[in-house]
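Below: one structure, written as structure tokens.
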Amino acid sequence: MSYLLHIMEFYFAYINCAFIFSQGHFSIAEGLYVSGKSPEAVRHLCHDILQCASYYRRLSDFARPRQPSSLEEFGLVMEAFRSGLGRFLQHYRAFILAMPKSGLTLLRLNAMLRKVFTQIRYVCNIHYHITAVHATILLSKNAV
């Protein structure tokens, strides 16, 4: 059961002894095992969890409040997106915290969170495209 508690913490992108953050992505620490599962099966079951935590980390870093001077750099539309993203992440955290902690298995946890994984992946893709377009606009402004 302790590995499930590590996974529950991990949904908030907390680094713990079971998961390592390196180069913008999470991976499973060496030596993590689940009785009755091979290391490959554990990696397969944790794939979505690792991806979700990496997305959450990127989104929460972006959603952090900025200095007032960043309004000039990013603009009001980007700040509105950042604010909406912060509210989305609050709902995500509330959903994870409201989940029952007893009677969970890794497979059941993955099944319960399938829609959440899809939502956070979608929002992260939107974030990626918006920031790419914004970076292109900033580069074109600086080139002029």
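General remarks:
- Positions within segment 16-66 being among the polar types (S, T, N, Q) and more than 22 Å from R93 (Cβ to Cβ), in sequence order: S22, Q23, S27, S35, S38
- Filtered by the rule that a residue be modelled with pLDDT of 70 or more and surrounded by 13 or more Cβ atoms within 10 Å (Cβ to Cβ), segment 56-76 gives Y56, R57, R58, L59, S60, F62, A63, R66, G75.
- Of all the residues in segment 14-31, those that are modelled with pLDDT of 70 or more and in a loop (DSSP other than H, G, I, E, B) number 5.
- Qualifying positions in segment 77-92 - modelled with pLDDT under 85 and under 19 Å from F117 (Cβ atoms): none
- Candidates are the residues of segment 77-133 that are over 26 Å from C46 (Cα atoms) and hydrophobic (A, V, I, L, M, F, W, C); the one that is surrounded by the most Cβ atoms within 10 Å (Cβ to Cβ) is F81.
The values are calculated or read from the model by the stated rules, or taken from the named source; none is laboratory data. Since the structure is predicted, the reported quantities are computational estimates derived from the model, not experimental observations. All Cβ positions, even for glycine, are placed from backbone atoms using ideal geometry, and neighbour counts span all protein chains on display.
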